[in-house]
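Colleague: Got a structure for you, written out below as structure tokens; questions coming shortly.
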Amino acid sequence: MKPNEKKKTIAYLGAKRFKLCILAGAESVFKNRDHLNKINVFPVPDGDTGSNLSMSLMSVVREIEALQDPSLETIVKATAWGALMGARGNSGIIFAQILSGIAEGIEGKERLSAKDVALSFSHAVKKAYKAILYPTEGTILTVVRETAEAAIEAAENTSDLYFLLHAMVTAARTSVERTPEMLPKLKEAGVIDAGGLGFLYFLEGMLRLVDGIAMDDTTVDNEKMLVDMQKETSTSQPSNRYCTEFILKGSQISEDHLKKDLSQKGDSIVVIGDSRLARVHIHTGQPQKVLEYAFSLGQVSSIKVDDMLTQHTSRFVNHKGAKTSSVVAIVPGDGFKEIFYNAGAELVVDGGATENPSTMDIVSAIEAVESSNVVILPNHKNIYPAALKAAEIATKQVTVLKTSTPSEGISALLAYMDDAPFEENVSRMDMASRQVKSGEILVASRDVTLGGVDVKTNDFIGVYRGEIQCSSASLCETLQLLVKCMYEPSDEIITLYFGEIIRKNDAEAMQSILQQSFPDKSVELYFGGQAHAQYIVSVE
């Protein structure tokens, strides 16, 4: 249906309509997440655009869904706050700045007219461009700017929000299709800008909400854009390889001064926020120097450092809410990050057998949490000394539990209670960590005989209690032998955490075999993502 075929006009947006529009836009981005990820084809992307935008918008959705009978002003503020606190990746941060700018542009109003919406988008454009040290055309910035220009023009000719939205979607679509002509890297790769397309999807979600147009009728034909995706084969290694993000709280934060100082430490700088709270994104070769500078300005939280070359992430995930104590965990893979996050860890730091965080990395994590009482779960014997040193240096009360495996850390974390006294949590967690038995399957790098076990190079070995318990050329046989070595009749649960090189269907087959061997026990399977071990095993 075209605007002139519509029977009714939309004269205003109130609280309910505004909320529905935001939710519909977010849902549209969620549904197109995988496609957005596919067209993010730069040589060293700082995360996938689709995932970053989706996670950024999920924070917005959580904020506004938690409101009960809100006013328009309350929803607007929740949108701005959720966007700022949830922003991830370069595109996510820019998108958050756009939403924050829109919210600022309509603050204090009970209803929104077409003119109000157009002006708010215009305000968002100015705010977004100001946040970027060196704005690049052919990106989401261009798409939003040209969309806002179309909105201003449309609002001069109509008060109908339906007509305005059609004009904005049309302008956004045209702008997205033009991005390869403005940005050579896009043209070379044969794709359109993923961030700009994400913004278009957001607007299209709103449009489908009000007139029911099918998705295929309002999306760009991108298949031809994907034909040459593999053209971008640059193997250059950037000097500013670490994508660093954090939230800075202070009393007198100057965005201009912050961007100027950071420009000496890296590039791709984005600063959004105000004089009291700023979200910062920078690509740098020395993330620790950037964080030290940030700590000199105020309170730093939600630290996230991504190595864009190796894609091994050092992520600090910050939960909201006042707690009597906080938990910082060091974990070896993406799967474990998600597990620890869901189990209640406030900060999750990348680490493991071959990736030990520095003492300063752990100190930074300790200082990043709001609680003055912190429990550290090192989850590996090699990380324990650095954690102890960090506890000694930190200005807070810190206890390091001697968890030597991720499964011990999970057991400890499951015993943690937000509202329990610090000492009680330490005692409960320490006791819980001792109740689980942990082992792992590794690959031997040389021939050796240890503890009566003959090991050949490239054989699989089962390690339990720091000793090699079994070895075989068969991964399945080694895993079965290890579990039998660890198992006692009183045990109830066997858990497998498979590593990054193990395929899910192979792991599921292994789970099935163990379940047949232990038919009256629960055999659980999770993706751990660890690089060092094929499987980490827990029995309890």
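Colleague: Report yes if Glu492 is of a type in the set (Asp, Glu) and either within 19 Å of Glu338 (Cα to Cα) or surrounded by 16 or more Cβ atoms within 10 Å (Cβ to Cβ) (or both), otherwise no. Can you show your working first?
Modeller: On the way: of a type in the set (Asp, Glu): yes; either within 19 Å of Glu338 (Cα to Cα) or surrounded by 16 or more Cβ atoms within 10 Å (Cβ to Cβ) (or both): no.
No, not satisfied.
Colleague: Using the structure shown, decide if Leu72 is modelled with pLDDT under 85, over 16 Å from Asp211 (Cα atoms) and hydrophobic (A, V, I, L, M, F, W, C). Don't jump to the end; show me each part of the working.
Modeller: Values: modelled with pLDDT under 85: no; over 16 Å from Asp211 (Cα atoms): yes; hydrophobic (A, V, I, L, M, F, W, C): yes.
When the stated conditions are applied, Leu72 does not pass them.
Colleague: Here's another thing I want to ask about it. Out of Leu297, Leu309, Leu291, which single residue is over 17 Å from Lys130 (Cβ atoms) and modelled with pLDDT under 75? First the steps, then the outcome.
Modeller: Values: Leu297 fails: modelled with pLDDT under 75; Leu291 fails: modelled with pLDDT under 75.
Sole residue among the options that is over 17 Å from Lys130 (Cβ atoms) and modelled with pLDDT under 75: Leu309.
Every residue, every condition in (1) out of contact with any strand residue (DSSP E or B) (no Cβ under 8 Å at 6 or more places or on another chain); (2) assigned to a helix (DSSP H, G or I); (3) not small (Gly, Ala, Ser), yes or no:
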| residue | (1), (2), (3) |
| --- | --- |
| Thr395 | yes, no, yes |
| Thr403 | no, no, yes |
| Glu408 | no, yes, yes |
| Met417 | yes, no, yes |
| Ala420 | yes, no, no |
| Asn425 | no, yes, yes |
| Arg428 | yes, yes, yes |
| Met431 | yes, yes, yes |
| Ser445 | yes, no, no |
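Colleague: Got at least one residue in the range 184-205 being among the hydroxyl-bearing types (Ser, Thr, Tyr), in contact with a helix residue (DSSP H, G or I) (Cβ under 8 Å, 6 or more places away or on another chain) and not in a helix (DSSP H, G or I)? Working first, answer last.
Modeller: Going residue by residue through the range 184-205, those that are among the hydroxyl-bearing types (Ser, Thr, Tyr) are 201.
Next, from what is left, pick out any that are in contact with a helix residue (DSSP H, G or I) (Cβ under 8 Å, 6 or more places away or on another chain): 201.
Okay, now just the ones that are also not in a helix (DSSP H, G or I), so none.
No, the range 184-205 has no match at all.
Colleague: Just to be sure I understand, how many residues within the range 101-138 are aromatic (Phe, Trp, Tyr) and surrounded by fewer than 17 Cβ atoms within 10 Å (Cβ to Cβ)? Don't jump to the end; show me each part of the working.
Modeller: Taking the range 101-138 first, the residues aromatic (Phe, Trp, Tyr) are 121, 129, 134.
Filter once more, so that each one left must be surrounded by fewer than 17 Cβ atoms within 10 Å (Cβ to Cβ): 129, 134.
Matching residues across the range 101-138 total 2.
Colleague: For the range 468-540, give me every one of the strands (runs of 3 or more DSSP E) that falls completely inside it and has 3 or more residues that are farther than 29 Å from Val448 by Cβ. Spell out the reasoning first.
Modeller: Values: elements: 493-498, 522-527, 535-539.
Ranges flagged: 522-527.
Colleague: Still on this structure: With the condition kept exactly as written, say whether any residue in the range 339-360 is assigned to a helix (DSSP H, G or I), in the same structural domain as Lys389 (by TED's automatic domain parsing) and more than 17 Å from the chain's Cα centre (by Cα).
Modeller: Initial filter on the range 339-360 (assigned to a helix (DSSP H, G or I)): 339-343, 359-360.
If we keep only those that are in the same structural domain as Lys389 (by TED's automatic domain parsing) as well, we get 339-343, 359-360.
So of that shortlist, the ones also more than 17 Å from the chain's Cα centre (by Cα) come out as 359-360.
Yes, there is a match, as at least one residue in the range 339-360 is assigned to a helix (DSSP H, G or I), in the same structural domain as Lys389 (by TED's automatic domain parsing) and more than 17 Å from the chain's Cα centre (by Cα).
Colleague: Further question: Sort out which residues of the range 120-160 are in contact with a helix residue (DSSP H, G or I) (Cβ under 8 Å, 6 or more places away or on another chain) and charged (D, E, K, R), and write them in order of number.
Modeller: Hits for the range 120-160 are Lys126, Lys127, Lys130, Glu137, Arg145, Glu146, Glu149, Glu153, Asp160.
Colleague: Would you point out which residue out of Ala278, Ala294 is crowded, with 19+ Cβ neighbours inside 10 Å, in contact with an Asp or Glu (Cβ under 9 Å, 6 or more places away or on another chain) and hydrophobic (A, V, I, L, M, F, W, C)? Reasoning before the result, please.
Modeller: On the way: Ala294 fails: in contact with an Asp or Glu (Cβ under 9 Å, 6 or more places away or on another chain).
On inspection, the qualifying residue turns out to be Ala278.
The values are calculated or read from the model by the stated rules, or taken from the named source; none is laboratory data. Being a predicted model, the structure only gives us computed values, none of them experimental. Every residue, glycine as well, gets a Cβ built from its backbone with ideal geometry; the counts of neighbours run over all protein chains shown.
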